[in-house]
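Visitor: Have a look at this one.
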Amino acid sequence: MVGQTGPKIKIAGAGPSGLTAAIVLAKAGYEVDLFEGRKAVGARFIGDFQVIENMSREEDALEMLKRFGLDTNFFIRPVRQAVFFDHRLRSQTVGSRRPFGYFIRRGSEGETLDRGLLTQALAAGAKIHYQTRIKPEEADIIATGPATPDGLAKEMTFTTSLPDTVWVLFDMNLSPGGYAYLFVLDGIATFGCAITRDLSRINHYFDRSLQRFHEMISFPIENDRTAYSFMNFSLKGSAQSGGRCFVGEAGGFQDYLFGLGIRYALTTGHAAAESLLKKRSYDLLWKEALGPAQEVSVVNRFLYEVGGNRGLSLFIQRAGRGDLQDYLGGGTALPGGSVWPFRS
Ligand SMILES: Cc1cc2nc3c(=O)[nH]c(=O)nc-3n(C[C@H](O)[C@H](O)[C@H](O)COP(=O)(O)OP(=O)(O)OC[C@H]3O[C@@H](n4cnc5c(N)ncnc54)[C@H](O)[C@@H]3O)c2cc1C
């Protein structure tokens with residue numbers, strides 16, 4: 001444990017963004033107090049698989065974690081292949097040479113990302129206060145996650161006899177503005193339906209998407225747990241206000257195309273810590289760190305919405321033609337490289 005004689009810092013929210021900032025600052029000798037509104041870290045999740053995307057930037061996510069000084073003391077597994085389905089259930093296997101993502105788990109128990117980062121924060125000397133909400137103006141770093149429900153997901157985790165599976169179904173009628181997914185690793189499964197429209201009918205879309213997967217393959221569901229969770233998408237020019245840094249989804253940082261916000265959360269949590277340590281502008285640091293990735297995902301989200309199921313089918317076909325990572329990370333027609341099929 002690092003001796004704590006440095007400046008005092010208060011962080012509101014102990015998700016990936018707040019915990020990353022806490023680890024970096026506590027390791028540098030800051031006296032860090034983390035305030036978490038819930039009883040435990042990761043409490044809005046249920047042990048579900050999520051993916052740290054590895055497409056939007058050249059640097060591999062594992063290298064990035066190392067550069068941030070974060071250990072991989074949590075479940076983490078590379079993803080190199082997936083099957084995408086369109087609304088007619090036409091499938092396309094997509095893959096990449098280097099992993100296009102890393103599966104991790106989210107939640108309060110076991111080898112989740114949340115618990116792993118918490119262990120590192122505590123080992124570095126940070127203190128955590130559960131079931132304690134502080135006002136934003138009392139915190140130096142605001143890491144409180146999504147503030148407005150721009151998107152909603154219903155997820156189920158269960159055990160199953162299915163083999164390892166990474167399936168994603170793109171159908172605007174079954175998951176409006178989103179997608180449905182089935183991930184199975186070592187007999188543990190996550191099924192989810194994420195939508196960005198008609199949020200009050202999430203149960204309907206979840207049930208219909210699950211039925212659609214069952215049309216492709218019948219699979220047993222045991223020991224199931226479900227949860228609802230929302231995400232927010234609100235691009236900001238500045239994430240700094242009154243000397244406070246807004247990190248992760250609290251700052252509107254999110255991948256707008258697929259809602260993959262973890263990498264943004266880790267990156268902005270690290271940038272906020274660096275801004276304090278190096279006395280540099282947080283806005284400049286996160287802009288440097290994220291590059292055009294976030295703006296590109298906004299453009300892609302717009303085109304995703306406009307393209308409908310026909311656009312999604314084209315996207316899937318093209319995604320399967322080469323290396324997924326080159327396709328999703330290397331487009332060039334739109335500023336910063338948009339991948340959407342309508343670019344040509
Ligand atoms: C169902 C679902 C699936 C997802 N799948 C993926 C995926 O596969 N890949 C990916 O990259 N992203 C995924 N995301 C998005 C990802 O989970 C988030 O972008 C990420 O968790 C954001 O991290 P964060 O630290 O900003 O916020 P959070 O993880 O939301 O953490 C914020 C924390 O702050 C606490 N809090 C809130 N208000 C207060 C307060 N006032 N005071 C104190 N504490 C407070 C909360 O309890 C919470 O613990 C998914 C999201 C959902 C909902």
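Visitor: Need the failing condition index for SER175 against (1) surrounded by 23 or more Cβ atoms within 10 Å (Cβ to Cβ); (2) more than 24 Å from ASN300 (Cβ to Cβ); (3) hydroxyl-bearing (Ser, Thr, Tyr), just the number.
Guide: (2)
Visitor: Of all the residues that make up region 122-141, how many are of a type in the set (A, V, I, L, M), at pLDDT 95 or above and within 9 Å of the ligand (Cβ to nearest atom)?
Guide: Residues that pass the stated criteria total 1.
Visitor: Of the residues ARG133, ARG67, which is without any contact (Cβ under 8 Å) to a residue 60 or more places away in the chain and closer than 29 Å to LYS8 by Cβ?
Guide: Values: ARG133 fails: without any contact (Cβ under 8 Å) to a residue 60 or more places away in the chain.
Of ARG133, ARG67, the one residue that is without any contact (Cβ under 8 Å) to a residue 60 or more places away in the chain and closer than 29 Å to LYS8 by Cβ is ARG67.
Residue-wise test of (1) hydrophobic (A, V, I, L, M, F, W, C); (2) on the phi > 0 side of the Ramachandran plot.
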residue: ALA61; (1), (2): yes, no
residue: ARG90; (1), (2): no, no
residue: GLY95; (1), (2): no, no
residue: ARG98; (1), (2): no, no
residue: GLY116; (1), (2): no, no
residue: GLN131; (1), (2): no, yes
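Visitor: Moving to a separate point now. Looking at (1) in contact with a Leu (Cβ under 8 Å, 6 or more places away or on another chain); (2) within 24 Å of ASP114 (Cβ to Cβ); (3) more than 16 Å from the ligand (Cβ to nearest atom), which is the one condition that is false for THR160?
Guide: Just one mismatch for THR160, condition (1).
Visitor: Does VAL184 satisfy the condition of being of a type in the set (A, V, I, L, M, F, W, C), over 25 Å from GLU305 (Cβ atoms) and touching a residue at least 12 places away in the same chain (Cβ under 8 Å)?
Guide: Numbers: of a type in the set (A, V, I, L, M, F, W, C): yes; over 25 Å from GLU305 (Cβ atoms): yes; touching a residue at least 12 places away in the same chain (Cβ under 8 Å): yes.
Judged against the criteria, VAL184 is a match.
Visitor: If I ask for residues that are surrounded by fewer than 24 Cβ atoms within 10 Å (Cβ to Cβ) and either touching a His at 6+ places or on another chain (Cβ under 6 Å) or under 14 Å from LEU117 (Cα atoms) (or both), which ones from region 16-42 would you list? Before the answer, list the steps.
Guide: Initial filter on region 16-42 (surrounded by fewer than 24 Cβ atoms within 10 Å (Cβ to Cβ)): 27-29, 31, 33, 35, 37-40.
Hits for region 16-42 are LYS27, PHE35, ALA40.
Visitor: Residue check: is GLY151 closer than 30 Å to ARG318 by Cα and either hydrophobic (A, V, I, L, M, F, W, C) or touching a Ser or Thr at 6+ places or on another chain (Cβ under 8 Å) (or both)?
Guide: On the way: closer than 30 Å to ARG318 by Cα: yes; either hydrophobic (A, V, I, L, M, F, W, C) or touching a Ser or Thr at 6+ places or on another chain (Cβ under 8 Å) (or both): yes.
Yes.
Visitor: ALA289 - would you say it is touching a His at 6+ places or on another chain (Cβ under 8 Å), at pLDDT 85 or above and surrounded by fewer than 19 Cβ atoms within 10 Å (Cβ to Cβ)? I'd like the intermediate steps shown before the answer.
Guide: Working: touching a His at 6+ places or on another chain (Cβ under 8 Å): yes; at pLDDT 85 or above: yes; surrounded by fewer than 19 Cβ atoms within 10 Å (Cβ to Cβ): yes.
Against the criterion (touching a His at 6+ places or on another chain (Cβ under 8 Å), at pLDDT 85 or above and surrounded by fewer than 19 Cβ atoms within 10 Å (Cβ to Cβ)), ALA289 qualifies.
Visitor: Only one of ALA147, ALA180, ALA194 is at negative phi, touching a helix residue (DSSP H, G or I) at 6+ places or on another chain (Cβ under 7 Å) and within 11 Å of the ligand (Cβ to nearest atom); which?
Guide: Working: ALA180 fails: within 11 Å of the ligand (Cβ to nearest atom); ALA194 fails: touching a helix residue (DSSP H, G or I) at 6+ places or on another chain (Cβ under 7 Å).
None of the others qualify; the one that does is ALA147.
Visitor: So, of the residues in region 71-107 that are within 15 Å of ASN54 (Cβ to Cβ) and assigned to a loop (DSSP other than H, G, I, E, B), which turns out to be farthest from the chain's Cα centre (by Cα)?
Guide: Applying the first criterion (within 15 Å of ASN54 (Cβ to Cβ)) to region 71-107 yields 72, 76-82, 94-104.
From what is left, the residues that are assigned to a loop (DSSP other than H, G, I, E, B) are 72, 76, 80, 96-100.
Values: THR72: 16, ILE76: 14, ARG80: 18, SER96: 20, ARG97: 22, ARG98: 19, PRO99: 16, PHE100: 14 Å.
Ranking the qualifying residues of region 71-107, first place goes to ARG97.
Visitor: Any residue at all in region 197-217 that's on the phi > 0 side of the Ramachandran plot and more than 16 Å from the ligand (Cβ to nearest atom)? Outline the logic, then answer.
Guide: Let us first name the residues in region 197-217 that are on the phi > 0 side of the Ramachandran plot, namely 198.
Those left that are additionally more than 16 Å from the ligand (Cβ to nearest atom): 198.
Checked region 197-217: at least one residue is on the phi > 0 side of the Ramachandran plot and more than 16 Å from the ligand (Cβ to nearest atom).
Visitor: Also: Please work out which one of (1) surrounded by fewer than 24 Cβ atoms within 10 Å (Cβ to Cβ); (2) basic (Lys, Arg); (3) in contact with a strand residue (DSSP E or B) (Cβ under 6 Å, 6 or more places away or on another chain); (4) within 27 Å of MET64 (Cα to Cα) is the condition LYS236 fails and give its number.
Guide: So the condition that LYS236 fails would be (3).
Each row is one residue, and each column tells you yes or no for (1) in a loop (DSSP other than H, G, I, E, B); (2) under 21 Å from the mean Cα position of the chain (by Cα); (3) near the ligand (Cβ under 6 Å from one of its atoms).
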{"position": "ILE9", "(1), (2), (3)": "no, no, no"}
{"position": "THR20", "(1), (2), (3)": "no, yes, no"}
{"position": "LEU25", "(1), (2), (3)": "no, no, no"}
{"position": "GLY29", "(1), (2), (3)": "yes, no, no"}
{"position": "ASP33", "(1), (2), (3)": "no, no, no"}
{"position": "ARG38", "(1), (2), (3)": "yes, yes, yes"}
{"position": "GLY42", "(1), (2), (3)": "yes, yes, no"}
{"position": "PHE45", "(1), (2), (3)": "yes, yes, no"}
{"position": "MET55", "(1), (2), (3)": "yes, yes, no"}
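Visitor: Same structure, new question: How about region 222-273: which of its residues are more than 7 Å from the ligand (Cβ to nearest atom), more than 16 Å from LEU284 (Cα to Cα), at pLDDT below 90 and of a type in the set (A, V, I, L, M)?
Guide: Across region 222-273, the qualifying residue is only LEU257.
Visitor: Right, another one. Restricting attention to region 78-99, does a residue exist that is under 20 Å from LEU118 (Cα atoms) and either touching a strand residue (DSSP E or B) at 6+ places or on another chain (Cβ under 9 Å) or acidic (Asp, Glu) (or both)? Full working, then the answer.
Guide: Keep residues of region 78-99 that are under 20 Å from LEU118 (Cα atoms), which gives none.
No: region 78-99 contains no residue that is under 20 Å from LEU118 (Cα atoms) and either touching a strand residue (DSSP E or B) at 6+ places or on another chain (Cβ under 9 Å) or acidic (Asp, Glu) (or both).
Visitor: While we're looking at this one, here's another question. Residue check: is PHE85 closer than 24 Å to PHE158 by Cβ, away from the ligand (no atom under 14 Å from the Cβ) and in contact with a helix residue (DSSP H, G or I) (Cβ under 9 Å, 6 or more places away or on another chain)?
Guide: Yes; evaluated as a whole, the condition is true for this residue.
The values are calculated or read from the model by the stated rules, or taken from the named source; none is laboratory data. The structure displayed is predicted, hence computed values, not measured ones. Cβ coordinates were reconstructed from backbone atoms using ideal geometry, including for glycine residues, and neighbour counts include every protein chain displayed.
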